[in-house]
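The values are calculated or read from the model by the stated rules, or taken from the named source; none is laboratory data. Treat the numbers as computed from the prediction; the structure is a model and nothing was measured. Counting neighbours? That spans all protein chains shown, and the Cβs are built from the backbone with ideal geometry, glycine included. Keep in mind that these areas ignore ligands, DNA and RNA; they rest on the heavy atoms of the full protein, side chains included. Shrake-Rupley method; radii C 1.70, N 1.55, O 1.52, S 1.80 Å.
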Amino acid sequence: MTTASPAVPARKGATLGWLRRLGTPKLIIIVVVAGVIGYLALVPLYYLIWGTFFDANGFTLGGFARAYGDPRVGGMIGNSLWFAVGAAVLSLVVGTALAYLNVRTDVPFKGLFFAASIIPLIIPGILYTIAWIFLASPDIGLLNKLIEPVFGPGFFDVFTVWGMVWVEGLHLSPIVFLLMVAAFRSMDPSLEESALMSGASRWQVFRRVTVPLTRPAIVAAVLVMVVRSLESFEVPALLGLQNGIYVFTSRIYFVLRTYPPDLAAAGALAVGLLVFAVIGVAISNLVGRSGKTYQTVTGKGFRPRPMELGKWRPVMGGVIVLYFFLTVVGPLLVLLYTSLLKFYQAPSTEAFASMSLDNYRQLFDISDAMTALKNSLALGLGSATLVMVLMAVGAWIVVRSRIPGRQLVDHLSFVPLVIPGLVLGLALSFVYLRSPIPIYGTIFILLIAYCTRYMPYGMRYAVTSMHQISAELEESAQVSGASWWQTFRRVLLPLLSPGLLAGWIYILVVSFRELSSSILLYSPGNEVLSILIFEQYENGQFTVLAALGVVMVLTLAVLVIIAYKLGAKVGLRQD
Amino acid sequence: MLRINNLVKSFDGERRRRRNSPSAPQEARVFAVNDVSFNVENGQLFTLLGPSGCGKTTTLRSIAGLERPDSGTIEVGGRVLFSTKEGKKPLNVPANERGLGMVFQSYAIWPHMSVFDNVAFPLQVKKRGDRLGRKEISERVMRVLETMELANLADRQATKLSGGQQQRLALARALVIEPPLLLLDEPLSNLDAKLRESLRYELKRVQRELGITSVYVTHDQVEALALSNSIAVMRNGNVVQLGRPREIYENPNCRFVAEFIGTSNFLSGNVVSKDGDRYTVNTVDGQIVLDSAANLPMGTDVIVSVRPEAVEVSTTSRQGEVPNEWKGTVLTRAYLGDSLDHVVGVGKHELRTRGNPTTSIEPGTEVYLRMDPAKLVLVPVD
C-alpha cells in the first residue's frame, strides 16, 4: 500500500520527486508524440515561407514577381479554378446521385456499388489518367477508334480542360459516393416519412427535406473535392501539359524542371495554391460546424424502406452498369490489354494475335522496377505503421487527456491537409537541402513526406475510434489498479485496433499511389512505382508501363485483402 | 471506514481552474459538490441519492480518484486518499493506486477480453512486488466467479453475456482485489424494470453476505430505500438530509426531500396550537391535526406533507369519531394494478390518494377523506 510521499525534509527529495514525476513513460511518450506532430506540421511551412521570401540578400519579392509577372498567369489561375470546380461538380453530381440510388431506392446491381467505390481507390491517379489517354486520346484513343465510322476521327479529346475535368471528376466520384452514403444513412428516415405523411410527393420530399438536411454534407463534399482537384498533379501534368494548359501544380512542376530551377518562383506559386486550399478548407469547416446545429443522427439502427423505382428501375440499372464500366472496367481492361501488346495499337485480329507476356518478362530485367516495388512497399508499410502508432497516442491526447493545449495537437495534425502534395514536396526539399543531416536524396525524405501528408487521415481514424470507446472502459482499468501505460496497452490499443487497422490500410493504399510529393523528392535509385510509371510515360514506353501498372494494382489488391483478412482475425467482430 | 470531510469541487473545466481555486471569490465558482461531509461505517451500504446534476456522481468519482476535488479530505480505512489540509502539501493518490472496487453505470466490461480475463485484469496489473503468481491469480479469479455464479462462463467472450450476468461480472471484477470499499455508479439504470428489480435484491444479498462497505449512487428513490443502510439526499452539491431509509421517507426535513422521495401532497398553513407533540395547523381548506416531534412556535408557516397512502377515501362520513376528515369530490382515478389512485378536489387543493384497488369511486362522487395524524409530516418551509 503506498502512502504519502516519503518524508524527506531536504530539498533534494523534492527535486528527485519532481524528476521522477517528469520521467514517467506517460509524459515522455506524450511529449515525444506531440513534438513529432508539431515538427511534421510546422517545419516545412516555415521553410517554404522562408525560401520564398528570403534569398542570399534578405527579404525579397522577386520570386513573386517572376512567378506572377508572367502574362499567362491569369490563364493559369482561370484554368485552375475551372478545372477544380468542374471536377468537383461532376464528382458531386455523380457521387450524390449514386449514393441516393444505393441507400434509398431498390436499384438493381447494388453489389456493383461496393466494387465501384473501393476499386478506384486502388487504381492510382496516374494509371487512371493514362488509361483514359488510351481510351480517349484524339490520336490513339480506343473510344475514338470505336466511333470513328460515325463521328469522324478525334471526336473525344482528353487533352482539354473538359477532358481533365472528366477524368478528375470520375476519379473523385467514389469519394463523394462514400461521403454521401454516410450522410444518407445517418439521416433519420422518419423525417422523410413524416413529410410523406403530410402529403408531399417523393420529389417534394427529396427537394424540401432530404436535400436541405444533407446540405452540410453536400457543401463539405464539394469543397473538399475542389481542394483536392486544385492539388491534383497527375491529371493536369499528363493531360494539360500536352496542349500547354497550365494549372498551379503543373506550373510549379514546370518552373522547377526548367534549368536552373527557380525555387523562389515555385515557392511563390506554392504559396498562392496554399492560400486557395486554406480558403476552401476554412469554408468547409465553417459550413461543417454550422451543420451540426441540426444533427439528424439518432442512435437507432434503422433500415429505411427503399423507394420503388418502378419502370425506371431498368434504366437506372443501365446507368449503374455504365458507371461501373467507365470507372472500373474500362480503365483496368485497357491497361491489361496494352500490357499484352508489343506496341500500342487499336484492337484488331493482328493485335490480339501479337499478344504476349513479354512486357511482364521485361519488368524483371529492369532493375529499377524491382527496386521501385520494394521502395513502394517499404514506404507504404513504414509510413502507415508510423502514422498510426503516433496518431493512436495523439488521439488519446486530444480526446482523453486534460492536458492544456491538447486541441493544438489536433489542429497541428490537420495542417498538412491543406498543403498540396507538390507544395509539401517543395517545402521539404527546402528543409532538407539545408539540413546538415543527410536525409535529402535518401528514401527517408519520402518517408517523412508520406508521414506528413497522411498524418491528418491517421488522426481522423484514431480520433473517431477513440470517441467510440466509452471513457468508463478506461476508468475501470484505472480503478482496477492499472497504470497509464498498462491501460493504454491492454485496454485502449486492443479496442482501437479495428479503427487503427482501417487507417493503416488506407494510408498503405494512398501512399502507394503518391506521386505529387515524391516527384520533387526522389533521387535516382530511390524511385517508387508511381514515379517509374511517370518516367516511362514520358519516355513513351506505354506497353511496359501498362504491365507495371497491372502489377501495381494487383499488389495493392493483395495487400488490401490480406489486411482485411488479418483485421477480421485480430479485430473485434462486433455486431 | 470511509470519511469525507468538507469535499468541494467546482466545475467549468480545467481552464478556469485558477479562477476556481479556493482563494477565488465565492460567487465566481460553480459548484458540483459544495462542502459535503459524511462517514460510512464498516459493512454498510451508503447511498447518495438525488436528481441529475446534484453532485452525487462527482462525489463518487472523487472517492474513486477519477475527479480531482478542489479541497477536502477523503479517507478510507484510516488511509488518506485525498487531502488539502491548510499548511500541508496537498495529497492526491491516483485512481490506480487507491485499490478500491468500482462498478460503472455501463459496467465498462472490456469487450476484447473473456470473462476470466476481465476479472483477472486487476490482479495482473498489480505492481511487480505485490503481484500474485499465475496459479494464484487463476484460483482467485475462479473463486470470485464462483461466488458470482459465473464460473461456468469463464471462457466466454465478455460481450456475450446477458444483462444480469454482465452486472455480476462487473461486480466480480470490482471485488477480486478484495477492496476495502466498493463504489457503485447507478449500476441498475441501464436495465429494464423487471431485471432491475431482481438484480437489486441480488446486489443487496451479495453486499450483505460479503459485508463489504459500499457507496451507491442512484437517482431512483425506490432503489435507494430498498438497498441502503443509510441515505444522503443531495441537491445542488449539498447533502440536504442524511439518515436511515425509514427516517428519510417518513420524516423528510424539507419539501425537496419529501417531493423527491415518493409522491406527496403538500398543504401549506400555519401552526395555531400545540399540545405536547400534537399540532393543529390551519390551511385554506380547513384544520389538520398531526403529531410531530419538531419544536415550532405558534404562528410558524409550515407545510404538511401527506403521502397518498396516508389518505383514506370513503363515501361515508365518520365525522366526530376521527380527526382530519375533509369533504371533497373525486376528479379522476387511475388503476395501477396493485393499487388505485384517486385525485380528489377539496376546496383549492387537489389531493392524490392511494388505496386498495377494490375501492374504486366514480369521478364526480362526493367523498370523505380521512388523514391519520400519525402519518402526516410537518415540514418546515425552506
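Just a few scattered comments:
- From the options B:ASP291, B:ASP382, B:ASP285, residue that is open to solvent by 90 Å² or more (accessible area, probe 1.4 Å), modelled with pLDDT under 90 and of a type outside the set (Lys, Arg): B:ASP382
- All told, A:ALA353 meets the bar of being closer than 23 Å to A:ALA131 by Cα, open to solvent by 30 Å² or more (accessible area, probe 1.4 Å), out of contact with any strand residue (DSSP E or B) (no Cβ under 6 Å at 6 or more places or on another chain) and among the small types (Gly, Ala, Ser).
- Conditions (1) open to solvent by 20 Å² or more (accessible area, probe 1.4 Å); (2) under 19 Å from the mean Cα position of the chain (by Cα); (3) over 22 Å from A:LEU333 (Cα atoms); (4) not hydroxyl-bearing (Ser, Thr, Tyr); number of the one not met by A:LEU559: (3)
- Condition check for A:ALA471: surrounded by fewer than 23 Cβ atoms within 10 Å (Cβ to Cβ), over 23 Å from the mean Cα position of the chain (by Cα) and closer than 20 Å to A:GLY394 by Cβ: yes
- For segment B:136-172, the set of residues classified as within 14 Å of chain A (Cβ to nearest Cβ), open to solvent by 60 Å² or more (accessible area, probe 1.4 Å) and part of a loop (DSSP other than H, G, I, E, B) consists of B:THR159, B:LYS160, listed by residue number.
- Selection from segment B:214-264 of residues that are of a type in the set (Val, Ile, Thr), touching a Lys or Arg at 6+ places or on another chain (Cβ under 9 Å) and open to solvent by 10 Å² or more (accessible area, probe 1.4 Å): B:VAL222, B:THR263
- Condition check for A:GLU148: open to solvent by 10 Å² or more (accessible area, probe 1.4 Å), part of a helix (DSSP H, G or I) and under 21 Å from A:ALA87 (Cα atoms): no
- Close pairs (9 angstrom Cβ cut-off, 6 or more residues apart or separate chains): free of Cβ contacts under 8 Å to residues at least 40 places away in the same chain in segment B:352-367, assigned to a loop (DSSP other than H, G, I, E, B) and open to solvent by less than 60 Å² (accessible area, probe 1.4 Å) anywhere: B:ASN356/B:SER339; B:PRO357/B:GLY337; B:PRO357/B:SER339
- Applying the condition of being surrounded by 13 or more Cβ atoms within 10 Å (Cβ to Cβ) and touching a residue at least 12 places away in the same chain (Cβ under 8 Å) to segment A:62-76 and asking which residue is nearest to A:LEU230 (Cα to Cα) yields A:MET76.
- Note on segment B:58-79: residues that are surrounded by fewer than 16 Cβ atoms within 10 Å (Cβ to Cβ) and facing chain A (nearest Cβ under 9 Å) amount to 1.
- Applying the condition of being at pLDDT 85 or above and surrounded by fewer than 21 Cβ atoms within 10 Å (Cβ to Cβ) to segment A:223-255 and asking which residue is farthest from A:SER429 (Cα to Cα) yields A:ASN243.
- Of all the criteria given as (1) closer than 23 Å to A:VAL167 by Cβ; (2) surrounded by fewer than 21 Cβ atoms within 10 Å (Cβ to Cβ), the one not satisfied by A:VAL32 is (1).
- Filtered residues of segment A:356-367 (kept if open to solvent by 60 Å² or more (accessible area, probe 1.4 Å) and part of a helix (DSSP H, G or I)): A:ASP358, A:ARG361, A:GLN362, A:PHE364, A:ASP365, A:SER367
Here's the yes/no breakdown for (1) among the acidic types (Asp, Glu); (2) open to solvent by 10 Å² or more (accessible area, probe 1.4 Å); (3) touching a strand residue (DSSP E or B) at 6+ places or on another chain (Cβ under 8 Å); (4) within 30 Å of B:THR57 (Cα to Cα):
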position	(1), (2), (3), (4)
A:GLY380	no, no, no, no
A:HIS411	no, yes, no, no
A:VAL423	no, no, no, no
A:ILE437	no, yes, no, no
A:GLY441	no, yes, no, no
A:ILE445	no, no, no, no
A:TYR450	no, no, no, no
A:THR464	no, yes, no, yes
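- Any hit, segment B:314-334, residues being under 29 Å from the mean Cα position of the chain (by Cα) and either exposed (fewer than 13 other Cβ atoms within 10 Å of the Cβ) or among the charged types (D, E, K, R) (or both): yes
- Condition check for B:VAL115 on (1) closer than 17 Å to A:GLU472 by Cβ; (2) open to solvent by less than 30 Å² (accessible area, probe 1.4 Å): one failure, at (1).
- Qualifying positions in segment B:89-104 - more than 20 Å from B:LYS126 (Cβ to Cβ), open to solvent by 10 Å² or more (accessible area, probe 1.4 Å) and within 7 Å of chain A (Cβ to nearest Cβ): B:LEU91
- Positions within segment B:105-126 being at the interface with chain A (Cβ under 8 Å from one of its Cβ atoms) and charged (D, E, K, R), in sequence order: B:LYS126
- Some residue of segment A:480-490 being within 14 Å of chain B (Cβ to nearest Cβ), at pLDDT below 90, over 23 Å from B:GLN157 (Cβ atoms) and part of a helix (DSSP H, G or I): yes
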